[in-house]
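Worksheet for the structure shown next.
The values are calculated or read from the model by the stated rules, or taken from the named source; none is laboratory data. Note that the structure is predicted; figures quoted are calculated from it, not measured. Here the Cβ positions follow ideal geometry from the backbone for every residue, glycine too, while neighbour counts run over all protein chains shown.
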Amino acid sequence: MPTLYDIVALLESFAPPSLAEEWDNVGLLVGDRSQEVRRVMTCLTLTENVAAEAIDREVDMVVTHHPMLFRPLRRLTTDTPEGRVLWNLAGAGIAIYSPHTAFDSTAKGINEQWAGRLNLADAAPLVPDEASPTVGAGRHGLLPEPTTLRQLASNVCQSIHVDHLHVVGEDDREVRRVAIACGSGGSLLTAAVDSGADVLITGEATFHTLLAAEAAGIAMLLVGHYASERFALEWLAEWLVAQTQGVEVWASATEHDPRRLLHP
C-alpha cells in the first residue's frame with residue numbers, strides 16, 4: 001500500500017512545484033508523509049460540504065486544486081469556515097495536497113487539456129517557463145480552421161458541458177488563433193495579445209480587464225471559474241487510479257458551482 005510520501009512524489013513528478021506561480025502555495029499542506037493511503041478524493045475547492053464528504057467516506061487524502069492554506073494563519077479554530085475544514089480534516093487524519101498553478105501549467109495540465117479539447121495545432125505556453133520552455137502559464141494555438149466567435153463559443157460550451165458563457169466581441173468576428181488561461185486568467189491578457197490571439201478563453205476576469213481586451217481588439221470567452229477547471233480534477237482522479245495499485249480515487253460528488261442563473 002502506498003504511503004502519502006509516494007502519492008506526493010507522484011503528484012510532484014506530474015506537476016512540479018517549480019512551475020507554480022511565486023504567490024502560490026502548492027504541495028503537501030497538511031499530513032503525515034508516513035501514513036498509508038487507501039482512498040483519495042479530488043476537488044476544485046475544499047468547502048465544508050466537500051470536507052464532510054471526505055470524512056464520511058473515510059478518505060486518507062484530499063487533492064484540492066485551490067490551496068486551503070493560501071495565506072498564513074495566525075490561529076486555527078473553528079470560528080471560521082476555513083478553520084472548521086482544517087480542524088475537522090486534521091482530526092480525521094486526512095491529508096491535504098494542492099497542485100494549483102503547477103497543474104495549470106504542466107504538460108497534460110489544465111491549459112494543455114483545454115488546447116486538446118479544442119484541437120489546437122502547435123499549442124505552446126503563453127508564458128514559457130524559463131527552465132522548461134515547453135511548459136508554462138496558459139496556452140495558445142491555431143484552430144483547425146477559421147470560425148466565428150459564436151461558433152467557437154458553442155464548441156467551448158459543448159466541450160465542458162455548460163449552456164452559457166459571457167462574451168467580449170462581435171458574434172460574427174472571425175477567430176483562428178486561440179489563447180487559453182484557466183481560472184481567473186485576466187493577468188494573461190497582455191501575453192494573449194502579444195501571441196497574436198484573436199480570442200482569450202478563461203474562467204473569469206475583472207471588468208477593467210474586459211475593457212482592456214475590447215480596447216486591444218481581442219475577443220474573450222468567459223466560461224466561469226468552476227467550469228474552466230473542474231473537468232480536470234475529474235481527469236486527475238482517473239489518472240491517479242491508473243498510476244497506483246490498490247488506491248480508490250474519485251472526484252468529489254458533492255462539489256458544485258456556487259453560481260447559478262436566475263431569471264426573475
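For T42, the conditions (1) at pLDDT 95 or above; (2) outside any strand (DSSP E or B); (3) under 18 Å from W239 (Cα atoms) all hold with the exception of (2).
Determine, yes or no, whether T78 is among the β-branched types (V, I, T) and over 18 Å from R230 (Cα atoms). I'd like the intermediate steps shown before the answer.
On the way: among the β-branched types (V, I, T): yes; over 18 Å from R230 (Cα atoms): yes.
Spelling it out, T78 is indeed among the β-branched types (V, I, T) and over 18 Å from R230 (Cα atoms).
Considering region 99-120, and only residues there that are among the small types (G, A, S) and out of contact with any Pro (no Cβ under 8 Å at 6 or more places or on another chain), the residue that is surrounded by the fewest Cβ atoms within 10 Å (Cβ to Cβ) turns out to be A107. Checked against (1) assigned to a loop (DSSP other than H, G, I, E, B); (2) over 24 Å from G138 (Cα atoms); (3) touching a Phe, Trp or Tyr at 6+ places or on another chain (Cβ under 7 Å), N25 passes all but a single condition, namely (2). Each residue in region 166-185 was checked for being free of Cβ contacts under 8 Å to residues at least 60 places away in the same chain, under 28 Å from D24 (Cα atoms) and of a type in the set (A, V, I, L, M), and 1 of them qualify. Note on region 121-180: residues that are touching a Gly at 6+ places or on another chain (Cβ under 6 Å) and surrounded by fewer than 14 Cβ atoms within 10 Å (Cβ to Cβ) total 2. Annotation note: of P146, P128, the sole residue that is under 23 Å from E22 (Cβ atoms) and touching a strand residue (DSSP E or B) at 6+ places or on another chain (Cβ under 8 Å) is P128.
Select the strands (runs of 3 or more DSSP E) contained entirely in region 165-255, then report the ones holding at least 3 residues which are touching a helix residue (DSSP H, G or I) at 6+ places or on another chain (Cβ under 6 Å) and not assigned by TED's automatic domain parsing to the domain that holds I94.
Values: elements: 166-168, 174-184, 199-204, 219-222, 248-251.
Qualifying strands (runs of 3 or more DSSP E): 174-184, 199-204, 219-222, 248-251.
The residue list S34, S18 contains one member that is in a helix (DSSP H, G or I) and over 16 Å from V241 (Cβ atoms), which is S18. Selection of first residues in region 40-67 that are free of Cβ contacts under 8 Å to residues at least 12 places away in the same chain and of second residues that are of a type in the set (A, V, I, L, M, F, W, C) and outside any helix (DSSP H, G or I), restricted to Cβ pairs under 8 Å at least 6 apart or on distinct chains, gives an empty result.
What do you reckon, is V40 under 22 Å from P72 (Cβ atoms) and of a type in the set (V, I, T)? No.
Consider region 186-235 and keep the residues that are touching a residue at least 24 places away in the same chain (Cβ under 8 Å) and among the β-branched types (V, I, T). The one that is nearest to Q158 (Cα to Cα) is V223.
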